[in-house]
């Protein structure tokens with residue numbers, strides 16, 4: 001009986017030892033070597049993407065990620081005031097982001113949440129958003145030299161993307177803003193139009209998607225140009 005108990009304990013000890021060795025080996029392989037290998041390959045071959053597709057200005061300072069849209073609004077006159085954000089019209093404006101919620105879990109940080117409006121095309125609130133957004137685009141971008149017509153406003157100027165974080169607009173919407181941006185910054189229209197053209201990306205692989213303009217990269221180039 002004692003012999004049997006000793007054998008059982010020995011087998012148990014071997015199993016525990018094997019389990020601990022397996023845990024140690026898997027921890028080293030999966031928790032150390034594999035992450036290091038993946039990180040090393042990513043940094044060597046895809047440095048920009050691995051670091052978050054950072055967008056930098058002329059001085060080399062990081063101003064954001066080219067994958068995530070930003071707002072370009074005027075600061076509140078009173079920090080604690082409940083007032084609607086007003087766009088800073090010296091910058092190119094991105095798509096609306098009505099689908100974004102607010103962070104209510106960790107209020108220490110002003111996080112943005114990805115999301116769409118989840119409203120049908122005939123939803124009264126969505127129709128109101130689109131109507132108001134179109135009127136604002138027409139009013140904001142009409143200048144003494146060029147009047148914007150409602151039919152000139154492209155769809156993405158008045159609707160948010162599925163994620164609410166799309167950093168791109170169409171060349172048509174960027175072109176619609178050229179006169180206003182030029183006027184607000186004291187620049188020639190042709191110079192601003194060339195800036196848009198230089199930052200217009202073609203279709204992926206030549207046939208996927210549509211031509212687009214990254215608003216963050218465009219505004220970064222505009223800031224470098226104006227020195228603001």
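Figures for the structure shown
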| item | result |
| --- | --- |
| Residues (surrounded by 16 or more Cβ atoms within 10 Å (Cβ to Cβ) and farther than 17 Å from residue 88 by Cα) located in the range 201-219 | 212, 213, 214 |
| Residue in the range 70-84 that is modelled with pLDDT of 90 or more and more than 21 Å from the chain's Cα centre (by Cα) present | no |
| Within the range 178-228, tally of residues that are in a helix (DSSP H, G or I) and farther than 17 Å from residue 55 by Cα | 16 |
| Count of residues meeting criterion [over 19 Å from residue 213 (Cβ atoms) and part of a loop (DSSP other than H, G, I, E, B)] in the range 147-177 | 2 |
| Per-region count, the range 113-140, residues surrounded by 12 or more Cβ atoms within 10 Å (Cβ to Cβ) and closer than 24 Å to residue 68 by Cβ | 13 |
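The values are calculated or read from the model by the stated rules, or taken from the named source; none is laboratory data. These numbers were taken from a predicted model, which means no experiment stands behind them. Cβ sites come from the backbone with ideal geometry, for glycine too, and all protein chains shown count toward neighbours.
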